[in-house]
1. Select the helices (runs of 4 or more DSSP H) contained entirely in segment 1-65, then report the ones holding at least 1 residues which are modelled with pLDDT of 85 or more and of a type outside the set (D, E, K, R).
2. Looking at segment 81-102, which of its residues are open to solvent by less than 70 Å² (accessible area, probe 1.4 Å) and farther than 24 Å from residue 132 by Cα?
3. Give the residue, chosen from 80, 71, 139, that is among the aliphatic types (A, V, I, L, M) and more than 22 Å from residue 157 (Cα to Cα).
4. Consider segment 122-159. How many of its residues are open to solvent by less than 70 Å² (accessible area, probe 1.4 Å) and either in a helix (DSSP H, G or I) or farther than 26 Å from residue 103 by Cα (or both)?
5. Which pairs do you get when a residue that is without any contact (Cβ under 8 Å) to a residue 40 or more places away in the chain, found in segment 75-99, comes within reach of a residue that is part of a helix (DSSP H, G or I) and open to solvent by less than 70 Å² (accessible area, probe 1.4 Å), reach meaning Cβ atoms under 8 angstrom, with the pair 6+ apart or on two chains?
6. Condition (residue is at pLDDT below 90 and either at positive phi or surrounded by 10 or more Cβ atoms within 10 Å (Cβ to Cβ) (or both)) applied to segment 72-80: is it met by at least one residue?
7. Taking the stated definitions as given, is residue 39 surrounded by 10 or more Cβ atoms within 10 Å (Cβ to Cβ) and under 30 Å from residue 154 (Cα atoms)?
8. Can residue 105 be described as over 19 Å from the mean Cα position of the chain (by Cα), at pLDDT below 85 and either farther than 30 Å from residue 57 by Cβ or among the aliphatic types (A, V, I, L, M) (or both)?
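The values are calculated or read from the model by the stated rules, or taken from the named source; none is laboratory data. Keep in mind that what you see is a predicted model, and the values were worked out from it rather than measured. Cβ sites come from the backbone with ideal geometry, for glycine too, and all protein chains shown count toward neighbours. The protein model used for the area step is the full one, side chains on, heavy atoms only, and it has no ligands, DNA or RNA in it. Shrake-Rupley method; radii C 1.70, N 1.55, O 1.52, S 1.80 Å.
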Amino acid sequence: MIDDDLPAGSRTQSAVPTALDVAVGPVGESRFARAVLMTLGLGFVGIVVFVPVLAVFAKALENGVGTYFSALVESETLSAVRLTLSTALIVVPVNAAFGLAAGWALGKFDFPGKAILLALIEVPLAVSPVISGLVFVLALGPHSLAGSWLLDHGVRVIF
């Protein structure tokens, strides 16, 4: 609502919302459009995140809760958890330090190789992990040149 009793150059926007403001919303779409977009967004998150998580839990509990909890205390499980936690304790601070340094350098300075550094940071965000995994399998699998050389030297990368 605009104050009409002020001169044209000094009119201000009133803090009291009108009926049109309430029905349309702050960015101009109707309540129905917002509801549809929110439903689509939440449905997508449900399909992409929650359905796979539920499938993992359903498969893990397939043979009962007792089998699940007995598998948690096996030596291989505990070893995997220790490896995961120790790797995370090392990688997270190192990744944070290098990420902060790279972000600072990219934002503050112009230097030779800046485009290459930016590409190295952005490519993993743009390429699907499935595609990256397939590339590693093809490059280092037992039927590739590098994979057969590694296999001859006792290094099994996959399978």
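1. 31-45, 51-60
2. Of everything in segment 81-102, those that are open to solvent by less than 70 Å² (accessible area, probe 1.4 Å) and farther than 24 Å from residue 132 by Cα turn out to be 86, 97, 101.
3. 71
4. 15
5. From segment 75-99, the pairs are 77/71.
6. Looking for residues that are at pLDDT below 90 and either at positive phi or surrounded by 10 or more Cβ atoms within 10 Å (Cβ to Cβ) (or both), one finds at least one in segment 72-80, hence yes.
7. Against the criterion (surrounded by 10 or more Cβ atoms within 10 Å (Cβ to Cβ) and under 30 Å from residue 154 (Cα atoms)), residue 39 does not qualify.
8. Considered against the rule, which asks whether it is over 19 Å from the mean Cα position of the chain (by Cα), at pLDDT below 85 and either farther than 30 Å from residue 57 by Cβ or among the aliphatic types (A, V, I, L, M) (or both), residue 105 comes out as no.
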